[in-house]
Amino acid sequence: MLLLDKNKEPVNTVYYLAALIDGLLRNKEGLDYSELLKLARDSVTSDIKLLFFNLALDFLYLTGRITVDGRGKIYAHSLP
């Protein structure tokens, strides 16, 4: 089910940030949370709300798109 909100800025939506994070992780080989957040904030012109960033990471993790190793590095998975 797709949940829509009244947010008028696409940067502050879970789906937009999930796609941004997925793209960033495909270009880098394992990033920790702070590195990923800095790259994401550098990639967009408006401020990223931390709540939406965390929800996007949760969404990617639950859908099997990312994993986290024992050292806290986040990795993207390719589609089968």
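The values are calculated or read from the model by the stated rules, or taken from the named source; none is laboratory data. No experiment lies behind these values; they were computed from the predicted model shown. Methodologically, a virtual Cβ is constructed for each residue, glycine included, from the backbone with ideal geometry; neighbour enumeration extends over all protein chains shown. Quick note on the areas: whole protein, heavy atoms, side chains included, nothing else; ligands and nucleic acids left out. Shrake-Rupley method; radii C 1.70, N 1.55, O 1.52, S 1.80 Å.
Numerical summary
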item	result
Charge dipole (debye, nearest 20) of the chain; +1 at Cβ of Lys and Arg, -1 at Cβ of Asp and Glu	40 debye
Interchain or long-range residues, amide H under 5 Å from residue 30's placed H	76
Per residue value of the accessible surface for the chain (all protein chains in place, 1.4 Å probe), Å²	70 Å²
Whole-number D in µm² s⁻¹ for the chain, Kirkwood Cα-pair radius fed into Stokes-Einstein, 10 °C, 1.306 mPa s	123 µm²/s
For the stretch 32-46, 3J(HN,Hα) per residue [Karplus equation, 6.51 cos²θ - 1.76 cosθ + 1.60, θ = phi - 60°, Hz, x = Gly/Pro]	8, 4, 5, 5, 5, 5, 5, 4, 5, 5, 6, 7, 10, 8, 9
Among 68, 11, 44: highest mean-square fluctuation, GNM of the chain, C-alpha pairs under 10 Å	44
Residue 22 accessible area, assembled protein chains, probe 1.4 Å, Å²	30 Å²
Surface share of carbon and sulfur [accessible, 1.4 angstrom probe, percent] for the chain	59 percent
